[in-house]
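Reading through the structure tokens given below for one structure.
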Amino acid sequence: MTWLGLIFYGLGVLGYNATFRRLGVSPYLSWVTAFLAQILLLYGFAMLGWLTIGIWAVTILGVVMLVTWAILGRFGRGAVPFEGLHLFDGWMVGLGLVMIDVLGHSPLVHYDNFSHWAVMVKFLTFTGRLPGAHDTIISFTSYPPATALFITQFVHWVGFSEGAMLIAQFLLIWAASYSVFAVLRDRTRALTSFLLCLTIAVSYVFNINIRLNNLLVDYVLPILTVAGLVGIYVYRQRPNLQCAHVALVAASLLLVKNSATFFVAVMAIYFLAMLITQQRHSWYRNTLTVLGRFGGTLLVAALPFLWWTWHVKHTFSESKHEISAQAYSHQLSHEGGGTVLKIGHKFVAQIFSGQSLSTEGIVLINVLLVVCWLLIRWRAHQRNPLLKTLLAIDVMVLLYYGSLFGMYVLSMPYAEAIQLDGFERYMGSTVILALFIGAMVLVRSIDYAFYEQNFEKRDLRAFRSIVTKNAYQLGSFLMIFFAIIMMYSEINGTKFTNEMNRGTLPLQLAQTSRPSTVLNHDRILLVDPHAGDVDSYYAGFLANYYYFTNKGVGQENFMESPAQFKQNVQRYQYIAIPEYHHTFTVMLRKTYHQNVRTGLFKVTPAGLERVRERSGG
């Protein structure tokens, strides 16, 4: 990692943060706002074909803004009030740094890293442009590039590595997570603040299929939505800032993944409800104001995605997972009613199987909110919105079930749909969102139930009785304890996963050859003794990513005659053998009288010639 580049990047981020703070953005939302603003700026540069220039321009602009505010500060101008430090700040910084250290030493292993997410970042980093029609190394050409652009900017300054990519995505996630503390009424209360810390830590339980050591966006989508919802609430008395915040977050979400439409819809519904409750004028003036702000904000938010849709349509003849009514209609007519019923039966069975982590999460959220409503309503004699919140959460989950079922029926091949491929991943995103929504409403309900509502009078004597004081102190201790334990559980789980992955194909490949950073068209055969890796195209995608080529192929079966084997070998320019393959070694000995086990080899008419690094890469 280049520390000078990291410092320069960090100064740029501080510049954006300082600017948004002076524009009235909440200090707890300023970090994610700074990141999302840079993503949209980079997106504009990338779409114009100036990505590398854009990375320099966006970062330098941040540094210039920081220097400007520092100079103005010397003359007593442009200062913003210091929010102060709280216990949860220590939790975020301390455990965040520990997680960064772990992620910095984590490899990429998951299939989807190599089918799209990591290879997209690598492509942007080393070509300095978005992929075109001839760049077949990128398979999912309709996937928007928001997170890839953000990660590319980071690795441009600190150096390209798998650990650096993971750190960049974690910074975005952690900044969005920090926004939840903006909803606290009294940030000095350990009970409520660490309840949110515990929520952040527990949310990773429902991300267990992915974890933070992957570049997939299944956690990014809900946590950015949480930041969007927080801003809608926090800026409820500042309509212009509220609209700008919604437009920024919604536009960024739509550029993260096509399926973000559901999460944007959740934001839009809450935004509309908040706009309606804010109006205090005549009905026709209120109607015009609400429609104008709501429609204008969503139009602005949709413009970057519409630009992307236009780009995909005019750049690629066809694109995987492209949003198309014609494609959906064809898929539905192809599947037929019987197929839809089979998928539906499997879908319902999965939900009620008793082994679904997402279902357990939904049940847990329901039970906790009902119990907390009862305690606050009947023990503290306080009305609270927890039941209304729970109803909204359950409706949201049911709607997502419907949209997820529609995805299986309309846009996924039957072989994958009947297996409910990725069900827990996709549902996990919604459970994470529901968990945060419930927790944010709960902490405010708890605060309103406190005996002392005057913040200045809250001290060791501000309790109804010694019993409630002891209960508060015990509750605070338990929240702090479990928030730390649960976060360390995720950290240790990531470490354990890294240890378990030491024998996987990507790490074996890294031990036997060096990766390439120059885009090429070399024909490379990756010899893999595991048929599953080949049949699922995992080996081929890995070869394309690692050697930065669009012609990587994986093969496991070499049961053929010497003549066929020789003809097969001569089709390639390079052969990578990350793990000993008995059949390949025997056939090579028979055909070329060579004895090899692992490594990267150049194919010559006389056989294989060992190389450490390809000249093209």
Of the residues that sit in the range 550-574 and are out of contact with any helix residue (DSSP H, G or I) (no Cβ under 7 Å at 6 or more places or on another chain) and crowded, with 20+ Cβ neighbours inside 10 Å, which one is farthest from Q594 (Cα to Cα)? Y572
Six or more apart or on different chains, Cβ atoms under 7 Å: show the pairs whose first residue is in the range 532-544 and under 12 Å from P506 (Cα atoms) and whose second is open to solvent by 20 Å² or more (accessible area, probe 1.4 Å) and part of a helix (DSSP H, G or I). Y538/Y111; A539/D533
Scan the range 376-388 residue by residue and report those that are under 13 Å from I446 (Cβ atoms), open to solvent by less than 100 Å² (accessible area, probe 1.4 Å) and assigned to a helix (DSSP H, G or I). I376, R377, L386
Test L390 against the criterion of being of a type in the set (A, V, I, L, M, F, W, C) and at pLDDT 95 or above, and give yes or no. yes
Looking only at the range 407-437, which residues are over 19 Å from the mean Cα position of the chain (by Cα) and in a helix (DSSP H, G or I)? M407, Y408, V409, L410, Y414, A415, E416, A417
Yes or no: the range 208-229 includes at least one residue that is among the β-branched types (V, I, T), open to solvent by less than 10 Å² (accessible area, probe 1.4 Å), assigned to a loop (DSSP other than H, G, I, E, B) and touching a Ser or Thr at 6+ places or on another chain (Cβ under 9 Å). yes
Identity of the residue in the range 154-166, open to solvent by 10 Å² or more (accessible area, probe 1.4 Å) and of a type outside the set (S, T, N, Q), that ends up nearest to the chain's Cα centre (by Cα): E162
V363 - would you say it is open to solvent by less than 60 Å² (accessible area, probe 1.4 Å) and more than 17 Å from A449 (Cβ to Cβ)? no
Are there any pairs with C-beta distances below 9 angstrom linking a residue in the range 139-160 that is more than 20 Å from L171 (Cα to Cα) to a residue that is among the hydroxyl-bearing types (S, T, Y) and not in a helix (DSSP H, G or I), with the two at least 6 apart or on different chains, and if so which? F140/S319; T141/S319; S142/S319; Y143/S319
Could you please find all residues in the range 289-300 being closer than 21 Å to Y143 by Cα and either buried (at least 16 other Cβ atoms within 10 Å of the Cβ) or polar (S, T, N, Q) (or both)? L298, V300
Looking at the range 476-488, can you tell me whether even one residue there is in contact (Cβ under 8 Å) with a residue 24 or more places away in the chain and at positive phi? no
What pairs come up if the first residue lies in the range 85-109 and is under 27 Å from F160 (Cβ atoms), the second is of a type in the set (D, E), and their beta carbons are under 6 Å apart, counting only those six or more places apart or on different chains? P107/E162; L108/E162
What do you reckon, is F601 under 40 Å from the mean Cα position of the chain (by Cα), free of Cβ contacts under 8 Å to residues at least 40 places away in the same chain and in a strand (DSSP E or B)? yes
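Considering only residues that are part of a helix (DSSP H, G or I) and small (G, A, S), look in the range 467-526 and name the one that is surrounded by the fewest Cβ atoms within 10 Å (Cβ to Cβ). If you could, list the steps in order and put the result at the bottom.
So in the range 467-526, the residues part of a helix (DSSP H, G or I) come out as 467-503, 505-512.
Keeping just the survivors that are small (G, A, S) gives 471, 475-476, 483, 489, 493, 503, 510.
On the way: A471: 13, G475: 16, S476: 18, A483: 24, S489: 15, G493: 17, G503: 9, A510: 14.
Residue satisfying both the conditions and the ranking: G503.
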Among residues belonging to the range 301-344 that are part of a loop (DSSP other than H, G, I, E, B), open to solvent by 50 Å² or more (accessible area, probe 1.4 Å) and over 21 Å from V264 (Cβ atoms), point out the one that is modelled with the highest pLDDT. S317
What do you reckon, is F82 within 30 Å of L195 (Cα to Cα), in a loop (DSSP other than H, G, I, E, B) and either of a type in the set (K, R) or without any contact (Cβ under 8 Å) to a residue 60 or more places away in the chain (or both)? yes
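Quick one: is L374 in contact with a Leu (Cβ under 6 Å, 6 or more places away or on another chain) and over 22 Å from Y219 (Cβ atoms)? I'd like the intermediate steps shown before the answer.
On the way: in contact with a Leu (Cβ under 6 Å, 6 or more places away or on another chain): no; over 22 Å from Y219 (Cβ atoms): yes.
Criteria not met by L374.
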Please enumerate the residues belonging to the range 604-617 that are over 23 Å from T504 (Cα atoms) and open to solvent by 20 Å² or more (accessible area, probe 1.4 Å). T604, P605, A606, E609, S615, G616
Can you report the number of residues in the range 87-138 which are open to solvent by less than 40 Å² (accessible area, probe 1.4 Å) and not in a helix (DSSP H, G or I)? 11
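The values are calculated or read from the model by the stated rules, or taken from the named source; none is laboratory data. Owing to the predicted nature of the structure, the values given are computational and were not obtained by experimental measurement. Using ideal geometry, Cβ is built from the backbone for each residue, glycine included, and neighbour counts are taken over all protein chains shown. Surface areas here come from the heavy atoms of the whole protein model, side chains and all, with no ligands, DNA or RNA. Shrake-Rupley method; radii C 1.70, N 1.55, O 1.52, S 1.80 Å.
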